[in-house]
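A short reminder: the numbers here are calculations on the coordinates, not readings from a lab. Everything numeric in this text was worked out from a predicted model, so none of it was measured. Every residue, glycine as well, gets a Cβ built from its backbone with ideal geometry; the counts of neighbours run over all protein chains shown.
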Amino acid sequence: MSDTTHTQLLIIGSGPAGYTAAVYGARAMLKPMLIQGMQPGGQLTITTEVENWPSLLEIQGPELMVKMEEHARAMGTEIVNDVVTRLDLSHRPFRAECDSGRVVTADAVILATGAQARWLGLDTEEKFKGFGVSACATCDGFFYRGKPVLVIGGGNTAVEEALFLTKFASKVTLVHRRDSLRSEKILQDRLFKNPKVEVIWNHELVEVEGEDSPLGVTGAVLRSTKDGSTMKIGGDGIFIAIGHAPASELVKDQLELHNGGYVKVQPGSTRTSIPGVFAAGDLTDHIYRQAVTSAGMGCMAALDAEAFLAEHGQAGLPDPQHGELAETVSAE
Ligand code: NAP
C-alpha cells in the first residue's frame with residue numbers, strides 16, 4: 001500500500017499525552033491525525049487499577065485509555081492504527097513513513113511516543129524472555145497460578161506488579177537493590193501487609209536459572225549489594241520492573257536529547273530543537289512520568305503547535321471537506 005496524506009498536525013503516540021494533544025488540537029480546528037503505534041493506548045493498557053486520575057476514584061488502565069481514544073475521536077481527530085517507522089524532520093512539511101506503507105506529511109508534529117520497559121541486560125534474561133522472564137505482570141501473571149515468582153525493582157511499577165501477582169502466584173518475592181522502596185507510601189503499605197509477599201532487600205539479580213527443554217525458568221541467582229555474596233532462590237517467573245526508557249529511537253539522530261535519551265524541550269514549553277516539532281509525556285519527562293502530567297504536556301504541545309501554525313499562517317485553515325466545521329469557526 002502506498003498512500004500519501006497531508007495533515008496540519010501529526011501526533012505520534014496514543015498514551016495520555018497523545019490523546020490529550022489530539023483533543024486540544026481538534027478543538028483548535030487543526031484536524032489532527034494521530035498514529036497510535038505498536039501498543040494503542042500505551043503503558044496504561046498493561047496496568048490494572050488507576051487510582052490517581054482526578055475525578056475517578058478507580059478505573060482500569062485499559063478502560064481509561066479507551067475513553068481517551070473515544071474523546072479524541074469525538075472531537076474530530078483522525079486516529080490511525082499504524083506504526084511510524086521513519087520520520088524525516090529535516091524540512092517542512094515533515095514526513096512520516098508507516099509500517100503499512102502509508103506516508104503522512106505534516107506542518108507540525110507532536111511526539112508522544114512514551115517510554116518502554118527497561119531490561120537489566122543479562123544474557124540469561126534475554127534467553128528466558130517470554131519463557132519465564134517478563135516485564136508485564138498484567139500480560140503474563142495468569143500463567144503463574146499457584147507458582148512462586150520474583151519481581152525485581154523498587155518503584156511504583158515493581159510494587160504494583162508484585163501486588164497484582166499475589167492474585168495468582170503462591171508467593172511473590174520482591175527483590176530490591178536498596179533497603180527502601182521509592183514507590184508511593186500507600187502502595188508500600190499494601191505490599192508489606194500482604195501475607196504472600198516477601199521482600200529481599202539489598203540484592204540484585206545477576207542470573208536467571210532455568211531449563212532448556214522445555215525452555216523455562218526455575219530460579220535466580222541474587223547478589224548482595226552490601227557484601228557481594230550470592231544466594232540462589234527458586235521461582236517459576238521473574239518480572240523485571242526496573243523503570244522505563246524513552247522511546248526516542250525515531251528521532252535520536254534528529255533532535256537534541258538529554259538525560260539518557262529523553263527529548264529535550266525548551267523549559268516551560270514542549271518546543272524541541274526543531275521548530276514545528278513538539279514533544280510531550282514520558283518521551284521528554286524523566287522526572288514526573290504520571291498519566292496526568294503526560295496529559296498536561298499533551299495539552300501544552302497542542303497549544304504550542306497551534307501557536308506555531310498560526311505564526312506560519314497555517315492554523316485552522318478552512319477545509320473544503322469540512323465546510324460545516326469551518327463555518328462554525330467563523331461564526332464564533
Ligand atoms: P522507577 O520509579 O524509575 O523505579 C525503578 C526501580 O527499579 C527503582 O526502585 C530502581 O532502584 C530499580 N532499578 C533501576 N535500575 C535497576 C537495576 N539495574 N537493577 C536493579 N534495580 C534497578 O520506575 P517505575 O516504577 O517503572 O515508574 C516509572 C514512573 O512511572 C514513576 O514516575 C512512577 O511514579 C510512575 N508510575 C506511577 C504509577 C502510579 O501512579 N500508580 C504506577 C507505575 C508507574 P532505586 O530505587 O535504587 O533507584
After finding the eigenvalues of the alpha carbon gyration tensor for the chain, what semi-axes result from the square roots of 5 times each, listed largest first in whole Å?
42, 20, 18
Any idea what the dipole of the chain comes to, in debye rounded to 20, about its Cα centre with Lys/Arg Cβ at +1 and Asp/Glu Cβ at -1?
920 debye
Full-extension gain between residue 227 and residue 245, please, as 0.36 nm times their residue separation minus the C-alpha to C-alpha distance.
3.6 nm
Most exposed to least, judged by fewest other Cβ atoms within 10 Å, 98, 136 sort to 136, 98
Relative packing of 258-271, 37-50, which averages over residues the other C-beta atoms within 10 Å, highest first:
37-50, 258-271
When only C-alpha pairs under 8 Å and at least 6 residues apart count, what is the relative contact order of the stretch 119-240, in percent?
31 percent
When 142, 128 are ranked with the fewest other C-beta atoms within 10 Å first, the list becomes 142, 128
Kirkwood Rh over alpha-carbon pairs of the stretch 3-125, then Stokes-Einstein at 20 °C and 1.002 mPa s: what D in µm² s⁻¹, rounded to an integer?
141 µm²/s
With +1 on the Cβ of every Lys and Arg and -1 on the Cβ of every Asp and Glu, and nothing else charged, how large is the dipole of the stretch 119-240 about its Cα centre, in debye rounded to the nearest 20?
500 debye
C-alpha long axis of helix 16-27 to longest principal axis of the chain, angle in °:
10 degrees
Rounded to the nearest 10 degrees, the helix 291-311 long axis (Cα) sits at an angle to the longest Cα principal axis of the chain of 20 degrees
Which one of 138, 100, 5 is farthest out on the positive end of the charge dipole of the chain, using unit charges on Cβ (Lys, Arg +1; Asp, Glu -1) and the Cα centre as origin?
138
Below 13 Å Cα-Cα, how many Lys pairs turn up in the stretch 119-240? Only count pairs eight or more apart in sequence, or on different chains, if you could.
6
The size of the Cβ-based charge dipole (Lys, Arg +1; Asp, Glu -1) of the stretch 56-107 about the Cα centre, to the nearest 20 debye, is 220 debye
Extension gain residue 119-residue 97, at 0.36 nm per residue separation less the Cα-Cα distance, in nm?
5.1 nm
Which of 87, 34 has the fewest other C-beta atoms within 10 Å, and how do the rest follow up to the most?
87, 34
Degrees, to the nearest 10: 156-165 long Cα axis against longest axis of the chain
60 degrees
Value at 222 nm in deg cm²/dmol, rounded to 500, when DSSP H runs of n ≥ 4 in the chain each add -39,500 (n - 2.57):
-7500 deg cm²/dmol
Given Cβ charges of +1 for Lys and Arg and -1 for Asp and Glu, the option among 307, 164, 202 whose Cα lies farthest towards the positive end of the dipole of the chain is 202
Inter-part distance where the stretch 1-36 and the stretch 157-229 are each reduced to a Cα centre, Å
40 Å
